[in-house]
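Single-structure report; data block below.
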Amino acid sequence: MHELAIAESVVSTVLERTGGRVSVVRLRVGRMSGVVPDALVFCFELAAAGTALAGATLEIEEQAGLAHCRDCDTDFSMRDAFLLCDCGSADVELLSGRELQVTSVEVV
Ligand SMILES: [Zn+2]
């Protein structure tokens, strides 16, 4: 499962950096990253169980996708996973929305 692998790497990174005395981990997840936030929260609990992070909360901040159309030279926010501008062009560059980063942790 995709989310479990991500959760495991978040847990091990936070443990490495903090030693585990953490109550909240905040993660920014782009809508285009393919990650399902609810599944990630569930997997985080599984991955944290039995480690110093057990009982810590994962808070997810969703980041909307933003793209730039090279044809009509406009930026637009993405409603779904399709890289298609309203002008009909698919010559589109994804500016944001694939983020997957720990933004902060709250230390106990
Ligand atoms: Zn366009």
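Of all residues in region 78-108, those satisfying the criterion of being closer than 15 Å to Arg26 by Cα and either within 16 Å of the ligand (Cβ to nearest atom) or not polar (S, T, N, Q) (or both) are Glu99, Leu100, Val102, Val105, Glu106, Val107, Val108. Does Gly20 satisfy the condition of being under 21 Å from Val108 (Cα atoms), modelled with pLDDT under 95 and small (Gly, Ala, Ser)? When the stated conditions are applied, Gly20 passes them.
Is it the case that Asp80 is over 25 Å from Leu4 (Cα atoms), modelled with pLDDT under 95 and surrounded by fewer than 13 Cβ atoms within 10 Å (Cβ to Cβ)? Considered against the rule, which asks whether it is over 25 Å from Leu4 (Cα atoms), modelled with pLDDT under 95 and surrounded by fewer than 13 Cβ atoms within 10 Å (Cβ to Cβ), Asp80 comes out as no. Is there a residue being assigned to a helix (DSSP H, G or I), more than 16 Å from the ligand (Cβ to nearest atom), crowded, with 18+ Cβ neighbours inside 10 Å and among the charged types (D, E, K, R) anywhere in region 27-50? The answer is yes, given that some residue of region 27-50 is assigned to a helix (DSSP H, G or I), more than 16 Å from the ligand (Cβ to nearest atom), crowded, with 18+ Cβ neighbours inside 10 Å and among the charged types (D, E, K, R). When you go through Ser89, Ser23 one by one, which is the residue that is surrounded by 12 or more Cβ atoms within 10 Å (Cβ to Cβ), of a type in the set (S, T, N, Q) and outside any strand (DSSP E or B)? Exactly one of Ser89, Ser23 is surrounded by 12 or more Cβ atoms within 10 Å (Cβ to Cβ), of a type in the set (S, T, N, Q) and outside any strand (DSSP E or B), namely Ser89. In a loop (DSSP other than H, G, I, E, B), free of Cβ contacts under 8 Å to residues at least 60 places away in the same chain and within 25 Å of Val11 (Cα to Cα), is that true of Ala81? Judged against the criteria, Ala81 is not a match.
For every residue, the table says whether it meets (1) under 26 Å from Asp80 (Cβ atoms); (2) out of contact with any helix residue (DSSP H, G or I) (no Cβ under 9 Å at 6 or more places or on another chain).
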position: Glu3; (1), (2): yes, no
position: Ala7; (1), (2): yes, no
position: Val11; (1), (2): no, no
position: Arg17; (1), (2): no, yes
position: Leu27; (1), (2): yes, no
position: Gly30; (1), (2): yes, yes
position: Val36; (1), (2): yes, no
position: Ala39; (1), (2): yes, no
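Scanning region 60-77 for residues that are assigned to a loop (DSSP other than H, G, I, E, B), open to solvent by less than 90 Å² (accessible area, probe 1.4 Å) and near the ligand (Cβ under 8 Å from one of its atoms) gives Cys72, Thr74.
The values are calculated or read from the model by the stated rules, or taken from the named source; none is laboratory data. Being a predicted model, the structure only gives us computed values, none of them experimental. Virtual Cβ from ideal backbone geometry, glycine too; neighbours counted across all protein chains shown. With ligands, DNA and RNA removed, areas are computed over all heavy atoms of the protein, side chains included. Shrake-Rupley method; radii C 1.70, N 1.55, O 1.52, S 1.80 Å.
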